[in-house]
Amino acid sequence: MPEGHTLHRLADQVTATFAGRVVRAASPQGRFAGSAALVDGQVLVGAEAWGKHLFIAFPDDRFVHIHLGLYGKLDVATGEAVPPAIGQVRLRLVAADRDWQAWADLRGATTCELVTREQRDAVVARSGPDPLRGDADPDRAWARIRRSKAPIGGLLMDQAVLAGVGNVYRAELLFRHRVDPLRPGSTLRVGQWHAMWEDLVALMREGVRTGRIDTVRPEHTPEAMGRPPRRDDHGGEVYVYRRTGQPCHVCGVAVRTAELQGRNLFWCPRCQRRFRSRALQ
Ligand SMILES: [Zn+2]
């Protein structure tokens, strides 16, 4: 599933390509046809991401709300001619100049709906702070975490606690801070949380810049360690994500995996020692 950095990149791309331009909107597949017709021929105001939600703004407080889910894809391209829509294109946006054309095709998304400002605000209100937004308040997430007995590994991916973090950032953040994924949120210290938040902001900003998730410190890059680069379709150099059975880059112990709330957790059993609270014994 795309994580927050991907949505912020897409928002930037849609804004850079279409903002201030009249766009043609259509639904070649048909499922969004009625709504597409309502914004067709209007000026696209801009796009913004909030966690894994993307909002494309049109005049009169209309927003196309997109959630890519597990399999959705939004492709933005420019060229000399718009190609025919291939496959199940739910939404196609096109902007054209005399010798320049741009188009965006949305396929396979969980959500694609036309919403009002109130509906957009309601989605935002249900979401936790997004580390990639300048207006994010980490204390809102902390207020939830410190009161929860749920494992921190689950809380980090709960979009009502924190918006935009997916499985990769979750696993890597916990590793970088030596935190057991199953440790109850309520046992974390506030200083630990602030360090994790600041790290997350830096890691995710780097993800927006490069388009991939790299989380290893300079001393653990392939070059520094004299090891081959990672081969994985997710790209990026990481410590534990999808490295089950491989040696930890820090201590050499085999990385482990287990399921938590339907998603795979990855951690190093030595670097992230099992948390035992005196209060819980
Ligand atoms: Zn380790």
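So here's what we get for this one:
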read-out	value
Selection count, the range 242-256, where residues are surrounded by 16 or more Cβ atoms within 10 Å (Cβ to Cβ) and of a type in the set (Val, Ile, Thr)	2
Test for ASP99: is it farther than 24 Å from PRO131 by Cα, open to solvent by 50 Å² or more (accessible area, probe 1.4 Å), without any contact (Cβ under 8 Å) to a residue 60 or more places away in the chain and in contact with a helix residue (DSSP H, G or I) (Cβ under 9 Å, 6 or more places away or on another chain)	no
Of all residues in the range 192-215 being in a loop (DSSP other than H, G, I, E, B) and in contact (Cβ under 8 Å) with a residue 40 or more places away in the chain, the one that is nearest to CYS251 (Cα to Cα)	THR215
Some residue of the range 170-182 being touching a residue at least 40 places away in the same chain (Cβ under 8 Å), within 16 Å of the ligand (Cβ to nearest atom) and small (Gly, Ala, Ser)	yes
Residues of the range 216-231 classified as more than 14 Å from the ligand (Cβ to nearest atom), assigned to a loop (DSSP other than H, G, I, E, B) and open to solvent by less than 40 Å² (accessible area, probe 1.4 Å), total	1
Pairs, first closer than 15 Å to VAL23 by Cβ in the range 66-92, second loosely packed, with under 12 Cβ neighbours inside 10 Å and among the aromatic types (Phe, Trp, Tyr), C-beta under 8 Å, six or more apart	THR78/TRP100
Qualifying positions in the range 1-44 - within 27 Å of the chain's Cα centre (by Cα) and acidic (Asp, Glu)	GLU3, ASP12
Test: residue in the range 234-241 that is in a loop (DSSP other than H, G, I, E, B), within 13 Å of the ligand (Cβ to nearest atom), open to solvent by 40 Å² or more (accessible area, probe 1.4 Å) and β-branched (Val, Ile, Thr)	no
Residue list for the range 10-57, restricted to those being closer than 30 Å to TYR169 by Cβ and assigned to a strand (DSSP E or B)	GLY46, ALA47, GLU48, ALA49, TRP50, HIS53, LEU54, PHE55, ILE56, ALA57
Tally of residues being within 22 Å of TYR71 (Cβ to Cβ) and either crowded, with 17+ Cβ neighbours inside 10 Å or among the basic types (Lys, Arg) (or both) across the range 26-39	7
Residues that are touching a Gly at 6+ places or on another chain (Cβ under 8 Å) and hydroxyl-bearing (Ser, Thr, Tyr), drawn from the range 7-45	THR15
Residue that is farthest from PRO151 (Cα to Cα), among those in the range 244-279 that are touching a Gly at 6+ places or on another chain (Cβ under 6 Å) and within 16 Å of the ligand (Cβ to nearest atom)	ALA254
Qualifying residues in the range 171-191 (those that are within 24 Å of CYS251 (Cα to Cα) and touching a strand residue (DSSP E or B) at 6+ places or on another chain (Cβ under 8 Å)) - the one most open to solvent (accessible area, probe 1.4 Å)	LEU182
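The values are calculated or read from the model by the stated rules, or taken from the named source; none is laboratory data. Because the structure is predicted, anything quoted here is derived from the model rather than measured. Every residue, glycine among them, receives a Cβ derived from its backbone with ideal geometry; neighbour counts consider all protein chains shown. For the accessible areas, the whole protein counts, side chains as well, though only heavy atoms, and no ligand, DNA or RNA atoms are used. Shrake-Rupley method; radii C 1.70, N 1.55, O 1.52, S 1.80 Å.
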